[in-house]
Amino acid sequence: MLAEMETPEWKLKYEADHRFLWEVIYAGLQDLNTGFDSPLVGHFSPADFLIVIDRCESLNVKVNGIEVFTTDVKPPWKVELLEVEISPGEGYDWARRLVGQYQGKADFTISATFHLP
């Protein structure tokens, strides 16, 4: 797997996938990643992440797994991982249920991994 990641083909696909996420899936949403995670990883409020899920569903982008973090920690520029959930299979209901638990609450960010068609 690591050797495959060094191929020009893999790098081109990774760059295209990353660009698609930022230009289509995350377009217009506020990235809450203030440097506590890799700049390649988008973190969004629960409300914005529900939009991410809707866009993924309409574009047939699979949500592989979701991570929920709290920003209510010391020092204030850090986060704490609260929950990780891996997709149980097809569909998006599991993702909406998980994110919905944090809807309307402050101090949470949500990130995910995806499989683009």
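Can you name the residue in region 79-117 that is surrounded by 17 or more Cβ atoms within 10 Å (Cβ to Cβ), among the polar types (S, T, N, Q) and out of contact with any helix residue (DSSP H, G or I) (no Cβ under 7 Å at 6 or more places or on another chain) and, of all such residues, is farthest from Leu59 (Cα to Cα)? Selected residue: Thr109. For Val63, the conditions (1) part of a helix (DSSP H, G or I); (2) hydrophobic (A, V, I, L, M, F, W, C); (3) at pLDDT 90 or above all hold with the exception of (1). Summed over region 62-117, the residues that are in contact with a Pro (Cβ under 7 Å, 6 or more places away or on another chain) and aliphatic (A, V, I, L, M) give a count of 2.
Considering (1) modelled with pLDDT of 95 or more; (2) surrounded by 15 or more Cβ atoms within 10 Å (Cβ to Cβ); (3) charged (D, E, K, R), the lone condition that Asp54 does not fulfil carries the number (2). Against the list (1) part of a loop (DSSP other than H, G, I, E, B); (2) surrounded by 12 or more Cβ atoms within 10 Å (Cβ to Cβ); (3) of a type outside the set (S, T, N, Q); (4) free of Cβ contacts under 8 Å to residues at least 60 places away in the same chain, the condition Gly42 fails is (4). Scan region 5-13 and give yes if some residue there is surrounded by 13 or more Cβ atoms within 10 Å (Cβ to Cβ), at pLDDT below 90 and outside any loop (DSSP other than H, G, I, E, B), otherwise no. Scanning region 5-13, I find at least one residue that is surrounded by 13 or more Cβ atoms within 10 Å (Cβ to Cβ), at pLDDT below 90 and outside any loop (DSSP other than H, G, I, E, B), so the answer is yes. All of (1) free of Cβ contacts under 8 Å to residues at least 12 places away in the same chain; (2) within 21 Å of Leu116 (Cα to Cα) hold for Arg96 with one exception: (1). Quick one: in region 85-117, of everything that is of a type in the set (D, E, K, R) and assigned to a loop (DSSP other than H, G, I, E, B), which residue is farthest from Tyr14 (Cα to Cα)? Out of the qualifying residues, it is Lys105.
The values are calculated or read from the model by the stated rules, or taken from the named source; none is laboratory data. Bear in mind the structure is a predicted one, so any value in this text is a computation, not a measurement. Neighbour counts run over all protein chains shown; Cβ positions are idealised from the backbone, glycine included.
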